[in-house]
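Novice: Take a look at this one; I'll ask things after.
Just so you know, all these numbers are worked out from the coordinates, no wet-lab data involved. Remember, predicted model here, so these are calculated numbers, not experimental data. Using ideal geometry, Cβ is built from the backbone for each residue, glycine included, and neighbour counts are taken over all protein chains shown.
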Amino acid sequence: MKRLVATVAGLLIFQPVVGDELLFSAGGGFQPDSPQRNSTYGIDYSFKKFEKSYRQHIHLGVSYTKVQTNAAEHKSFHAVSIYPQLNLYPRQRSWGQPYFFVRALGPSYISANQLGDRRQDNHFAFQAQVGYAARINWQSKEDLVVMISWKHFSNANLFGDNDGIDMPFVVNVGLNF
């Protein structure tokens, strides 16, 4: 864990400021195959962008997520994640740039290994998020970012208990600077 924290700190401190994006998120919904309803809020910061082509960008970032549920016990946890994100862009529009995005295999520390009736074997999980987004023209460039997605935490069956934790509807809003 210390090595992971040192690596993240090094990436944040020693990387040039390229591809900065700051997003605030909120959302939730019913957990599939469970009566519980989960909700979330958080903040994401993308600090590095690699342009594979005009239509493909890869972002690296960190996120903080608070997840809560309406279950009687094990009501919340915090998650800190590192994520790679792939953005796929169709044709540009006059109002901005829509795109599809995928975050997968984002290693995460979760503060509790149970949320309601959902169990994880330990405090290690992966963050996954998939959705549709748009960079919206404001002040003559694509500054505003709006995302709609599904967010998921699980350990990818690396450990015994792996009940996925889902937020079926998440909205992220922020700035690209």
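Novice: May I ask for the distance between the Cα centers of segment 135-151 and segment 70-94, given as a whole number of Å?
Specialist: For segment 135-151 versus segment 70-94, the Cα centre distance is 15 Å.
Novice: Positive end of the charge dipole of the chain (Lys, Arg +1 and Asp, Glu -1 on Cβ, about the Cα centre): tell me which of P35, A104, G116 has its Cα farthest that way.
Specialist: The residue sitting most towards the positive pole is A104.
Novice: May I ask which residue of F47, G174, N137 lies farthest towards the positive end of the charge dipole of segment 2-176, with charges of +1 (Lys, Arg) and -1 (Asp, Glu) on Cβ and the Cα centre as origin?
Specialist: Farthest towards the positive pole: N137.
Novice: Want the number for Y89 to I148: 0.36 nm per residue separation, take away the alpha-carbon distance, what's left?
Specialist: Stretched fully, the Y89-I148 segment lengthens by 19.7 nm.
Novice: So how strong a dipole does the chain carry about its Cα centre when Lys and Arg Cβ are +1 and Asp and Glu Cβ are -1, to the nearest 20 debye?
Specialist: 460
Novice: Of K48/K141; K66/K141; K49/K151, which ones are farther than 25 Å apart at the Cα? It would help to have the intermediate numbers written out before the result.
Specialist: Numbers: K48/K141 19 Å; K66/K141 32 Å; K49/K151 21 Å.
Checking Cα-Cα distances, K66/K141 exceed 25 Å.
Novice: Taking a quarter of the surface of the convex hull around the Cα atoms of the chain, what do you get in nm²?
Specialist: Details: hull surface 42.4 nm².
Answer in nm², one decimal: 10.6.
Novice: Roughly speaking, what is the stretch gain from V171 to K75, that is 0.36 nm per residue apart minus the C-alpha to C-alpha distance, in nm to one decimal?
Specialist: 32.4 nm
Novice: Moving to a separate point now. Using only Cα atoms, figure out Rg for segment 21-88 and give it as a multiple of 2.2 N^0.38 Å.
Specialist: Details: Rg = 15.2 Å, N = 68, 2.2 N^0.38 = 10.9 Å.
So segment 21-88 has a normalised radius of gyration of 1.39.
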